[in-house]
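So the structure is just underneath, and the comments pick up after that.
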Amino acid sequence: LYQNGQLKKLLPNGDSAAVFNNVRKYGKVYSVDVTNPLKVLLYYKDFETVVTLDRFLNARSTLDLRQQNLQQVKAVGQSYDNNIWVFDELESKLKKISDDGRLLDQSNDFRTIFDSMPSPDVIIDQDKSVYLYDPLKGIYIFDYYGAYKSRIPFTGWMDFKVINKALVGRDGNFLYRYDEGSLMLQQYPLPGFINKASRVIIAPGLLYVLRDGTIMVYSYK
């Protein structure tokens, strides 16, 4: 996502494979979800609007969440069945909706489940679970039907991801990898200049760091 308002898909050699020029139509992009490369979600939090792009970055649909009585949505993510997860802060519920905004499923009211309300800014659907990450309270795990399973109190992480059944994230000093099966937490030292990076993406075995217009790639195991 460039400062000039373009969203570009780049090939490994840096050439442009696709471009979306209408990024700023609904204001500032709050999040970009590329979990499914055939369906890219742009979320404009200020306008409560989700724009769906195809693999060529052509606009497929636009969904105004306010028209679906979703007035206060902080986090949006793709679901395994090609629908959309949203966290409705007003009703304190995790909801699954279709591309046209129809309610398909929802959790119980979080206020009846938790003593302290989470405020997640990331939703990831993977490995038969839905993960909500609140940097102040940790990772909340639900099943595909929105039923609460567990909480893992890792706080202060940035760039949270779920990769091959492992929970990964970072702070200014370390990259963390937590295996849910073995309950093992690994940490990898990060170079000091990473705090000056414009963007960091954690991928399987690789760390992509954008700094001063250059993408640097680091490996970890």
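Here are some notes:
- Of all lysines in the structure, the ones whose alpha carbon falls short of 22 Å from that of residue 221, not counting any fewer than 8 places away in one chain, are 161, 165.
- What the Cα convex hull of the chain gives, in volume per residue, is 124 Å³.
- Distance from the C-alpha centroid of segment 117-154 to that of segment 18-36: 24 Å, rounded to the whole angstrom.
- Summing charges over all other residues whose Cβ lies under 13 Å from the Cβ of residue 16, with Lys and Arg as +1 and Asp and Glu as -1, gives +1.
- Placed amide H near residue 105: partners under 5 Å, 5+ positions off or other chain: 96
- Ordering of 166-179, 73-86, 187-200, 50-63 by burial proxy (mean other Cβ atoms within 10 Å per residue, highest first): 73-86, 166-179, 50-63, 187-200
- A simple charge model with +1 on the Cβ of Lys and Arg, -1 on the Cβ of Asp and Glu and nothing else charged puts the dipole of segment 120-203 at about 160 debye relative to its Cα centre.
- Efficiency of FRET between residue 11 and residue 220 - r from beta-carbon atoms, R0 22 angstrom, step 0.05: 0.40
- Placing pseudo-labels 7 Å out from each Cα toward the beta carbon at residue 173 and residue 121 gives an inter-label distance of 2.2 nm.
Values in this text are rule-based calculations from the coordinates and carry no lab data. Source: prediction; values computed, not measured. Heads up, the Cβs are rebuilt from the backbone with ideal geometry, glycines too, and the neighbour counts pull from every protein chain shown.
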